[in-house]
Amino acid sequence: MADFGYDISDYNAIDAVYGTMDDFVSLHKKLKSLGIKIILDFVPNHSSDEHEWFEKSVKKIHPYTDYYVWRDAKYDTNNSRIPPNNWQSLFSNSAWTWNEQRGQYYLHQFDPKQPDLNYRSKELVKEMKNNLRFWLDLGIDGYRVDAVPFLFEDLQFLDEIRKPEELAKKEINTYEQYYHHNTMDLPETYEMISQFRDVIEEYKLKDGKTRLMLVEAYTTINYTMDYYSQGTPRAHMPFNFNFIAYLTKTSSAYDIRNTINLWLDNMPKGQWANWVVSNDK
């Protein structure tokens with residue numbers, strides 16, 4: 001619960017805060033009898049630092065050694081240890097935390113207790129696909145896939161470009177002081193979304209029933225639209241957060257119309273729109 005439960009220590013279990021697996025099965029059975037479908041959160045970008053995988057990765061136990069993004073330290077002119085680059089966490093300050101036991105920094109684009117998973121590890125990818133199957137086997141009807149723009153990072157680990165000083169100095173959160181071309185929206189991300197969709201489609205092939213795949217992508221309109229299936233199956237749809245991003249209590253009907261058209265004018269033909277009006281926890 002370092003980040004409202006988005007720091008997951010076991011992908012195949014129910015946190016005791018919410019009940020037991022028996023509770024889930026009972027709830028699922030009741031909702032099915034009422035014709036209500038269940039969509040679960042899938043959090044692929046990071047786990048908890050209390051996850052067994054991370055603990056074994058710290059110890060370099062095969063195959064977990066590369067399940068996370070690890071980098072050696074750099075050293076400044078005073079020979080003091082510093083992070084590998086200037087990447088920032090969305091929660092502000094460095095996206096790198098030193099692990100004394102392993103002797104390296106690990107990447108966390110969110111909280112330090114949420115180490116980023118390494119999708120360049122084939123073994124890790126297999127684990128995450130099997131997690132999708134675990135809950136699909138229990139009969140769920142789809143997934144909301146969390147924080148998808150951050151799944152991959154540039155392999156050169158180059159510094160991010162700082163915004164012009166007049167813009168950067170206005171931002172209290174250090175993350176907002178930089179552009180994020182090396183840590184967001186990489187082409188490999190869309191390929192991974194396609195692979196996740198392939199897993200979901202395995203179940204449709206068995207019984208003809210669609211399992212929904214929604215993705216959370218706070219990014220530019222062009223990158224967001226690329227999450228829709230276009231030739232290659234990807235998500236059924238990305239969440240449309242434009243109402244939250246662009247509208248306020250003082251917005252006019254003209255503003256609302258333009259916000260609606262921003263989505264409809266850019267959405268690929270034959271796809272479904274959606275309208276998110278709140279994201280409050």
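Residue-by-condition table, conditions (1) within 20 Å of the chain's Cα centre (by Cα); (2) open to solvent by 70 Å² or more (accessible area, probe 1.4 Å); (3) of a type outside the set (D, E, K, R):
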site: 151; (1), (2), (3): yes, no, yes
site: 155; (1), (2), (3): yes, yes, yes
site: 166; (1), (2), (3): no, yes, no
site: 185; (1), (2), (3): yes, no, no
site: 200; (1), (2), (3): yes, no, yes
site: 204; (1), (2), (3): no, yes, no
site: 215; (1), (2), (3): yes, no, yes
site: 223; (1), (2), (3): yes, yes, yes
site: 228; (1), (2), (3): yes, no, yes
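Given 93, 79, which one is within 29 Å of residue 173 (Cβ to Cβ) and open to solvent by 60 Å² or more (accessible area, probe 1.4 Å)?
93
Restricting attention to segment 162-192, the residues that are of a type outside the set (A, V, I, L, M, F, W, C) and in a loop (DSSP other than H, G, I, E, B) add up to 12. Does residue 198 fit the bill of being of a type outside the set (A, V, I, L, M) and touching a residue at least 12 places away in the same chain (Cβ under 8 Å)? Yes.
Scan segment 64-84 residue by residue and report those that are part of a loop (DSSP other than H, G, I, E, B) and farther than 25 Å from residue 6 by Cα.
From segment 64-84, those part of a loop (DSSP other than H, G, I, E, B) are 67, 69, 72-73, 76-80, 83-84; that's our starting set.
The answer is 72, 73, 76, 77, 78, 79, 80, 84.
Of the candidates 61, 14, the single residue that is modelled with pLDDT of 95 or more and part of a loop (DSSP other than H, G, I, E, B) is 61.
Which one is nearest to residue 95 (Cα to Cα) among residues in segment 57-77 that are among the aliphatic types (A, V, I, L, M) and in contact (Cβ under 8 Å) with a residue 40 or more places away in the chain? Restricting to residues being among the aliphatic types (A, V, I, L, M) and in contact (Cβ under 8 Å) with a residue 40 or more places away in the chain, the top hit is 69.
Scanning segment 104-117 for residues that are open to solvent by less than 30 Å² (accessible area, probe 1.4 Å) and in a loop (DSSP other than H, G, I, E, B) returns 108, 109, 110, 114, 115.
Select from segment 151-177 the residues that are hydrophobic (A, V, I, L, M, F, W, C) and over 30 Å from residue 209 (Cα atoms) and list them in ascending order. Full working, then the answer.
We begin by selecting, within segment 151-177, every residue hydrophobic (A, V, I, L, M, F, W, C); these are 151-152, 155, 157-158, 161, 167-168, 172.
Matches in segment 151-177: 152, 155, 157, 158, 161, 167, 168, 172.
Quick grid of which residues meet (1) farther than 28 Å from residue 130 by Cβ; (2) in contact (Cβ under 8 Å) with a residue 40 or more places away in the chain; (3) open to solvent by 20 Å² or more (accessible area, probe 1.4 Å); (4) out of contact with any strand residue (DSSP E or B) (no Cβ under 6 Å at 6 or more places or on another chain):
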{"position": "147", "(1), (2), (3), (4)": "no, yes, no, yes"}
{"position": "159", "(1), (2), (3), (4)": "yes, yes, yes, yes"}
{"position": "170", "(1), (2), (3), (4)": "yes, no, yes, yes"}
{"position": "244", "(1), (2), (3), (4)": "yes, no, yes, yes"}
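Just the residues that are out of contact with any helix residue (DSSP H, G or I) (no Cβ under 7 Å at 6 or more places or on another chain), part of a helix (DSSP H, G or I) and within 26 Å of residue 265 (Cα to Cα), please, taken from segment 193-222. Residues satisfying the conditions are 194, 197, 222.
May I ask you to verify whether residue 48 is crowded, with 17+ Cβ neighbours inside 10 Å and of a type in the set (Gly, Ala, Ser)? Yes; evaluated as a whole, the condition is true for this residue.
Give 74, 32 a once-over and let me know the one that is touching a strand residue (DSSP E or B) at 6+ places or on another chain (Cβ under 9 Å) and of a type in the set (Lys, Arg).
Working: 32 fails: touching a strand residue (DSSP E or B) at 6+ places or on another chain (Cβ under 9 Å).
The unique qualifying residue is 74.
If you filter segment 136-145 down to residues that are open to solvent by 20 Å² or more (accessible area, probe 1.4 Å) and outside any loop (DSSP other than H, G, I, E, B), you find that the one that is farthest from residue 184 (Cα to Cα) is 137.
The values are calculated or read from the model by the stated rules, or taken from the named source; none is laboratory data. Bear in mind the structure is a predicted one, so any value in this text is a computation, not a measurement. For neighbour counting, all protein chains shown are included, and Cβ atoms are generated from backbone atoms with ideal geometry for every residue, glycine included. Accessible surface is based on the protein model in full, side chains and every heavy atom, while ligands, DNA and RNA are left aside. Shrake-Rupley method; radii C 1.70, N 1.55, O 1.52, S 1.80 Å.
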